[in-house]
Amino acid sequence: MDGPVSVILFILVFAPLFILGFYFGRNTPKLLLFGGMGWVLALILRIIPLNLFQLLVQDLVAVIGYSAILAGLFEEGMRFWLVKRTKTSDLKAGLTFGLGWGIAEALVIYFPSVLLSPTTSSLGLLDLLPGVLERYVAVLAHIALTFIVLKATSYKEYLVVAVVAHTVLDWVAGLAYYVMRLPVWQVEGLVAAYTLFLAFYAIYTIKKIY
């Protein structure tokens, strides 16, 4: 990939995330670490069941749906377990934990697939900006879901809410892009709208505790 474009993309995606991570996590770096570790563990745990399903089922819609369900179950289950283990209990801690989760996803998914991929060498910066927006939206989603899981530590039914919300997010994104084949900006706009709704819901929910 072209050097200057690669550097610009790296700065656009990671500089704000690292700055926010340092600001909110400077006194509690373990929450950033546990957030990142949680995403990686949830990914590893669902690889085998997802690969087995893909071997047995060739239907794209079914695979997208199953993948979304696994993401909801494993990520929110892991998030809930780690929030309990780390005694994450306030908004700043939840924000730090969610940032760690989102930063880890960006490093593992975005960095190698876009910044290091030779297939993007023919694309201009404007063609790659939807991916930048996607990372910001994904981090916001992880923060919102962390807030909902914080509520779940007191009211277990909110864990179901987090699982369903995450599943729907991945399912909608997958269907819009791979099945409906909507233009990438429309997909990102749809996902961003859903994530904003999720964020407002999370704020409304968490305000009942704090």
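The values are calculated or read from the model by the stated rules, or taken from the named source; none is laboratory data. What you see is a predicted model; the values in this text were computed from it and never measured. Here the Cβ is made from the backbone with ideal geometry for all residues, glycine too, and neighbour counts use every protein chain on show.
The rows are residues; the columns are (1) closer than 15 Å to H142 by Cα; (2) modelled with pLDDT of 95 or more; (3) out of contact with any Lys or Arg (no Cβ under 9 Å at 6 or more places or on another chain); (4) acidic (D, E).
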| position | (1), (2), (3), (4) |
| --- | --- |
| V7 | no, no, yes, no |
| Q54 | no, yes, yes, no |
| L91 | yes, no, yes, no |
| F97 | yes, yes, no, no |
| A106 | yes, no, no, no |
| L116 | no, no, yes, no |
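It is to be established whether one or more residues within the range 2-16 are polar (S, T, N, Q) and in contact with a Leu (Cβ under 8 Å, 6 or more places away or on another chain). Checked against the condition, which is being polar (S, T, N, Q) and in contact with a Leu (Cβ under 8 Å, 6 or more places away or on another chain), the range 2-16 yields at least one hit. Residues of the range 125-141 that are without any contact (Cβ under 8 Å) to a residue 60 or more places away in the chain and within 16 Å of E75 (Cα to Cα): A138, L140, A141.
Among all residues of the range 84-91, there is none that is closer than 22 Å to I109 by Cβ and among the polar types (S, T, N, Q).
A quick yes/no check of all residues on (1) of a type outside the set (K, R); (2) closer than 10 Å to T96 by Cβ; (3) in a helix (DSSP H, G or I); (4) touching a Gly at 6+ places or on another chain (Cβ under 7 Å):
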residue	(1), (2), (3), (4)
F24	yes, yes, yes, no
N27	yes, yes, no, no
L31	yes, yes, yes, yes
G35	yes, yes, yes, yes
V40	yes, no, yes, no
I47	yes, no, yes, no
L50	yes, no, yes, no
L55	yes, no, yes, no
I64	yes, no, yes, yes
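Inclusion of V160 among residues that are out of contact with any Leu (no Cβ under 7 Å at 6 or more places or on another chain), assigned to a helix (DSSP H, G or I) and at pLDDT 95 or above is warranted. Look at (1) loosely packed, with under 14 Cβ neighbours inside 10 Å; (2) at pLDDT below 95 and you find that V61 fails only one, number (2). Checking G72, G77, G65 one by one, the residue that is among the small types (G, A, S) and touching a Ser or Thr at 6+ places or on another chain (Cβ under 8 Å) is G72 and no other. Set side by side, the residues L129, L169, L175, L190 differ, and just one is modelled with pLDDT of 95 or more, more than 16 Å from the chain's Cα centre (by Cα) and in a helix (DSSP H, G or I), which is L175.
Counting only residues that are loosely packed, with under 15 Cβ neighbours inside 10 Å and closer than 18 Å to V139 by Cβ, the range 177-202 holds 4 of them. When you scan the range 86-103, do you find a residue that is surrounded by fewer than 17 Cβ atoms within 10 Å (Cβ to Cβ) and over 30 Å from K207 (Cβ atoms), even just one? So far as the range 86-103 goes, no, none of its residues is surrounded by fewer than 17 Cβ atoms within 10 Å (Cβ to Cβ) and over 30 Å from K207 (Cβ atoms). Could you please let me know if F18 is without any contact (Cβ under 8 Å) to a residue 24 or more places away in the chain and more than 24 Å from S154 (Cα to Cα)? The answer is no for F18.
Could you please let me know if A42 is surrounded by fewer than 17 Cβ atoms within 10 Å (Cβ to Cβ), free of Cβ contacts under 8 Å to residues at least 40 places away in the same chain and either under 17 Å from A162 (Cβ atoms) or small (G, A, S) (or both)? Against the criterion (surrounded by fewer than 17 Cβ atoms within 10 Å (Cβ to Cβ), free of Cβ contacts under 8 Å to residues at least 40 places away in the same chain and either under 17 Å from A162 (Cβ atoms) or small (G, A, S) (or both)), A42 does not qualify.
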